[in-house]
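In what follows, a structure is listed as structure tokens, so that the remarks can point back to it.
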There are 2 protein chains.
Amino acid sequence: MRKPEIRGRILEYIRRFFDERGYAPTIRDILRGCNISSTSLVQYHLNVLEKENQIRRDPEVFRSIQLVEKDIIEVPLLGTIAAGEPIPVVDSGTWSNRAEETLRLTTDVVGNKGHIYALKVKGTSMLDALINDGDVVIMEVAQTAEDGEMAAVWLKNEQEVTLKKIYREPGRIRLQPANSEMKAIYTGPENIEVQGKVVAVLRRLDQ
Amino acid sequence: MRKPEIRGRILEYIRRFFDERGYAPTIRDILRGCNISSTSLVQYHLNVLEKENQIRRDPEVFRSIQLVEKDIIEVPLLGTIAAGEPIPVVDSGTWSNRAEETLRLTTDVVGNKGHIYALKVKGTSMLDALINDGDVVIMEVAQTAEDGEMAAVWLKNEQEVTLKKIYREPGRIRLQPANSEMKAIYTGPENIEVQGKVVAVLRRLDQ
DNA sequence: TGTTCTATAGAACATTCGTTAAATACCAAC
DNA sequence: GTTGGTATTTAACGAATGTTCTATAGAACA
């Protein structure tokens, strides 16, 4: 059966209600606010939401509904990443600059890493990493990467940045695209410079 | 009649309750939590607190008590202030450093100033400003001060920082101690450097 | 002494609100 | 079709909880 969007509306209503009034709505508040026709139907959906771990409630306690908020991390959007340019250097000075924009992401998206920042991808040069023009990559500050980790690698000879999985092999480095249909490229250890690790990629199709 | 400390206990209880459970206590919760013997007594005190604008409530709404929180400003404690040392230079770089400690102050304490930071006073050299060893001064970033404003002034010849009210007089600067029983000192305009304005002084005797 | 204000007590009332039960409707898979 | 899970409706119960009323006591003040 269709998953009704009504539970989303309920969550949204709870959030708004709490924002505006400072305490949680009752079942009957939700009933009116979401045009639901019976208290037991609200109960029903609240029970589902609680099972889904979207809300928490104390039984028999009035107005005890709470949203289970994911931990939110503010990630600064520090610039762009494009084939022909190194990615922005991130030091403590850069951090103090107010980023043009901040992404509010949950730990579900970015994990519990240390220094995280975001870059907007310019151009289609990273299609082999399955990353499109306009995507946003979430980076972690790093100068090195473990085998198998996806990193932003600056290729000195080619004067180019690329996103690849890194593998150290005898006498050479294998850079493996995320797209398994594409072939790895090989280069010398002296030709690469890790500029950061890729933590996540965001692609927003809406809006 | 004595002002009972019970209303302070009630406020504290409400704060703790909300912190722990995510929603406000009922009158009967407060009754148990604060060892009060009747609901109407709790009502009585809550009504007083509401009149004093310490809490807000929606009539007839369960668990609608809310603390009226003053706007809270996080003030970084950036170091010490002592007679023989300039106070720490505050620039955007300093802001990005995580301060050792942060003071949570209300606008009631620090007003609505711009760049605010805190310094711990070391030594008794500022007794003439009625400031003791261990006090905390709240500073506003500034390179100049208006007549009559209390500022942290670096005296170049004396190699010393002092907290005084500044008055410009013909050909000289008058530095007036906060302690009116002490005499002003005079110096040339070229001898002083304003390092910041004093916004507030905190002295905590407890703990 | 009486007055007034704050603080306290006890009890009862009325409403708000979470909970439950039982029945029906809808849709999908078998 | 039958079965089964999800969604919905209606109705009612009873506990949680804000409110009100009345009475009492102590302190401050004139």
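Before moving on, here are some points about what is shown:
- Taking segment B:35-68 as the range and being open to solvent by 90 Å² or more (accessible area, probe 1.4 Å) and either within 16 Å of DNA strand D (Cβ to nearest atom) or within 21 Å of A:Arg63 (Cα to Cα) (or both) as the test, the residues that pass are B:Ser37, B:Tyr44, B:Lys51, B:Arg56, B:Pro59, B:Glu60, B:Phe62.
- Taken residue by residue, segment A:187-200 has no member that is at pLDDT below 85 and surrounded by fewer than 16 Cβ atoms within 10 Å (Cβ to Cβ).
- Odd one out for A:Asp58, checked against (1) more than 14 Å from every other protein chain (Cβ to nearest Cβ); (2) over 28 Å from the mean Cα position of the chain (by Cα): (1)
- Where B:Leu67 falls short, out of the listed (1) away from chain A (no Cβ under 11 Å); (2) more than 9 Å from DNA strand C (Cβ to nearest atom); (3) in contact (Cβ under 8 Å) with a residue 24 or more places away in the chain: (1)
The values are calculated or read from the model by the stated rules, or taken from the named source; none is laboratory data. This is a predicted model, so every value here is computed, not measured. Here Cβ is always computed from backbone atoms with ideal geometry, including for glycine, and neighbour counts include all displayed protein chains. The accessibility values were calculated without ligands, DNA or RNA, using every heavy atom of the protein model including side chains. Shrake-Rupley method; radii C 1.70, N 1.55, O 1.52, S 1.80 Å.
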